[in-house]
Amino acid sequence: MNLLEIKNLRKTFDELEVIQDISLSVKEGEVLSIIGPSGSGKSTLLRCATMLERMDSGTMSYMGEQAVWTDETGNAVYAKSAQLKKIQNYYGLVFQNFNLFPHFSVMKNITDAPIHVQKRPKDEVYKEARELLKKMGLSDKEDAYPCQLSGGQCQRVAIARALALNPKILFFDEPTSALDPELTGEVLKVIRSLADLDITMVIVTHEMAFARDISDRIIFMDNGVIAQQGTPEEIFQSENARTREFLGKYHDYGV
Amino acid sequence: MNWALLLSKLGSGMLTTLEIFCVTLIVSLPLGLLVAFGRMAKNPIIRTIFKIYISIMRGTPLMLQLMVVYFGPYYILGLQVTSSYRLYAAFIAFGLNYAAYFAEIYRGGIESMPDGQYEAAKLLGYSRPQTFFKIILPQVIKRILPSITNEVITLVKDTSLAFAIAVTEMFTQAKALASSQVSMIPYVAAGVFYYVFNLLVASVMEFMEKKFNYYR
C-alpha cells in the first residue's frame, strides 16, 4: 500500500502556477529525494503535502485515508478537522531552519508533543527520547537549550523531535541548506542511518551526491512539473536534456 | 511642620496610589491581551472597532478620560454617583487606558514571532491554544518585557492624575499638606516616594528580564 498518494496537485500563488499537475506516491520504507533548481516548486510541493500550504486542486491521501479531494467546480476540499488531525499524525517534517522552540530544553523540545499532544505516558516518552538522542549522538545535550548548540546539533534535535511522534513518513525540507559542509556531513550521516532503519522519507535537497547515494527513487522537478523520475542511476545517467543541464555542473566537477 | 500629620496623610495616600497601581496592572495586562486579539482579528469589523478604541485611548489625555468616566454617569445618564465611586472611576479609566497601550505592545511582540514557530507547532499537532500559550506567549513576553517596563514606570507617575477627580492618593495628599502647612516638604516627600517606587519597579523588571535570559 502507498503511504502517501498525491494526484493532480495544482498550486498557484498570485497567477503564478508554482505546481502544475503533479502526481506522486510514496511506498512504505521508500526513500524518495526531490531535486531541482530553486523556484521549481519542490518546497511548495512539500508544504502542500504537509498541509502547511493549501493546494488549489488535486487529491491526497495518507495510508489510504482521504485528506483532500476535488469537487465538481475543480476546487480542493479538505477533510473535516478531526480527520485531518488524525492524518497529521502520519507524518513529520524537518525544516530547513530547524524551528526548534528556543525556550524549551532539548529534552522538552522532543518530549513535549508526545506527552501533551499524543498523551503518552511520561516515563515511556522520556525513555524513547533518550534512545533517540543517543542515536543522534546528543546524549550529553539533554538539558542544553537550542541557543547553546551548533546548527548541525539543532538539526539533529529537530530530527529527533519529529521522530518522537513515531510518524509513518518523515519529510525533510532542505535539511542542510543552512549548514556549513562540516555540519552538513553530520546531519546527512544521521539521515542515512534512518534510511538504514527503513524509515520512509521524502527529502528535498540540493546535496546531489547524498541524494544519489541514499535514495531508492529521485524526482527531478523543473518549473512546477516532474521533469523526470527514476532510480538514482536513471537520473544521473539521464539522456533527458533538462536533467543533464541541471546536473551538468555536478558532472563537470566529477564529484 | 506637623510630622505626625505628614506621615499619616502621606502614608494613606501612598496606600491609595499603590492600590491604583496594582488594580490597573491586574486589569490592563490581561485586558490588553484581549484587545490585541481584537486588533488582530480576521473579521474587519471587529478589527476596526478595536483599532478605534486604541486610537481614542492613546489619542486623548488620560486626565480627560478620568473626567469622562467619573462624571459621565451623571451628565449622560443622570445617575447619582456616591463619593466611593471616585476610586472605581480611577480603576476603570486607568485600566481601559493602559490596556490600549499594552495591547499594542502585545501585538508588536506577537507579530514579530517567526512563522516557523507556528508551523513547527502545527506539524507537531499542538492545538491553537496550546500553540499560543506554550510556544508563542512565553517568547513574546521575553521580547516585550523592556517595553512593558517603560509603561509600568509611566503608570507609577500617572497615578497622580487621579488628583483630577479628587481621589486622595499620594499627590492629592501632598498638595493639600503643602498648602495647609505652607511647606515644600510634602512635595519633596512625594517626589522621593515616586522615585523609590520606580527604582523598585525597575529592579523587579530587571530581575524578570534576567530570568528570561537562559535562552535567546
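The values are calculated or read from the model by the stated rules, or taken from the named source; none is laboratory data. Keep in mind that this is a model prediction, so the values were computed, not measured. Neighbour counts run over all protein chains shown; Cβ positions are idealised from the backbone, glycine included. Calculation scope for accessible area: heavy atoms of the full protein, side chains included, ligands and nucleic acids excluded. Shrake-Rupley method; radii C 1.70, N 1.55, O 1.52, S 1.80 Å.
To the nearest 500 deg cm²/dmol, what mean residue ellipticity at 222 nm is calculated for chain A from DSSP H runs of n ≥ 4 alone, each contributing -39,500 (n - 2.57), summed and divided by the residues? Show your work: numbers first, answer last.
Values: 9 runs with 94 residues, N = 255.
About -11000 deg cm²/dmol.
Roughly how big is region A:129-255's charge dipole about its Cα centre, with Cβ charges of +1 (Lys, Arg) and -1 (Asp, Glu), in debye to the nearest 20?
Working: 14 positive and 20 negative charges, 64 e Å.
Computed about the Cα centre, the dipole is about 300 debye.
Can you give me the distance in nm between label points at residue B:133 and residue B:207, each placed 7 Å from the Cα along the Cα-to-Cβ direction?
Result for the modelled spin labels: 2.6 nm.
Given a Förster distance of 35 Å, report the FRET efficiency between residue A:198 and residue A:53 from their Cβ-Cβ distance, rounded to the nearest 0.05. Don't skip to the end; give the middle numbers.
Working: r = 29 Å, r/R0 = 0.82.
Efficiency, from the Cβ-Cβ distance: 0.75.
Let's test the formula: R0 of 25 Å, r as the Cβ-Cβ distance of residue B:147 and residue B:214. What FRET efficiency results, to the nearest 0.05? If you can, show how the numbers build up before the last one.
Values: r = 21 Å, r/R0 = 0.82.
In this case the efficiency is close to 0.75.
Can you tell me the length gained on complete extension of the stretch residue A:66 to residue A:213, counting 0.36 nm per residue apart and subtracting the Cα distance?
Details: separation 147, 0.36 × 147 = 52.92 nm, distance 3.25 nm.
Result for the pair: 49.7 nm of gain on full extension.
Any idea of residue B:107's accessible area? Nearest 10 Å², probe 1.4 Å.
50 Å²
Express in nm, to one decimal, how much length is gained between residue A:223 and residue A:80 on full extension, taking 0.36 nm for each residue of separation and deducting their alpha carbon distance.
Details: separation 143, 0.36 × 143 = 51.48 nm, distance 3.20 nm.
Gain on extension, residue A:223 to residue A:80, equals 48.3 nm.
How far apart, in nanometres, would the label points at residue A:89 and residue B:37 be if each is projected 7 angstrom from Cα along the Cα-to-Cβ direction?
Modelled inter-label distance: 2.8 nm.
Relative contact order of chain B, please, whole-number percent, based on alpha carbon pairs below 8 angstrom and at least 6 residues apart. It would help to have the intermediate numbers written out before the result.
Working: 201 pairs, mean separation 63.7, N = 216.
It rounds to 29 percent for chain B.
Keeping all protein chains in position, work out how much accessible area residue A:56 exposes to a 1.4 Å probe, and write it in Å² to the nearest 10.
Near enough 60 Å² of accessible area.
How much accessible area does residue B:68 have with a 1.4 Å probe, in Å² rounded to the nearest 10?
Accessible area, nearest 10 Å²: 80 Å².
Extension gain residue B:18-residue B:58, at 0.36 nm per residue separation less the Cα-Cα distance, in nm?
Working: separation 40, 0.36 × 40 = 14.40 nm, distance 2.33 nm.
Difference between extended and current length: 12.1 nm.
Could you rank B:24, B:82, A:231 by how accessible they are, 1.4 Å probe, largest area first? It would help to have the intermediate numbers written out before the result.
Working: B:24 0, B:82 85, A:231 50 Å².
Accessible-area ranking of B:24, B:82, A:231, largest first: B:82, A:231, B:24.
Looking only at other chains, what is the average number of their beta-carbon atoms within 10 angstrom of each beta-carbon in A:93-100? Before the final figure, lay out each step's value.
Numbers: counts 5, 2, 4, 1, 3, 2, 10, 3.
Shielding by partners across A:93-100 averages 4.
Output ³J(HN,Hα) for region B:43-53: one whole-Hz value per residue in order, computed from phi by the Karplus curve 6.51 cos²θ - 1.76 cosθ + 1.60 with θ = phi - 60°, and x for Gly and Pro.
5, x, 5, 4, 4, 5, 4, 5, 5, 5, 4
Given bins 10 angstrom wide, list per bin the percent of all Cα-Cα distances in region A:126-255, short to long.
Bin by bin from 0 Å, the calculated values are 11, 39, 31, 15, 5, 0.
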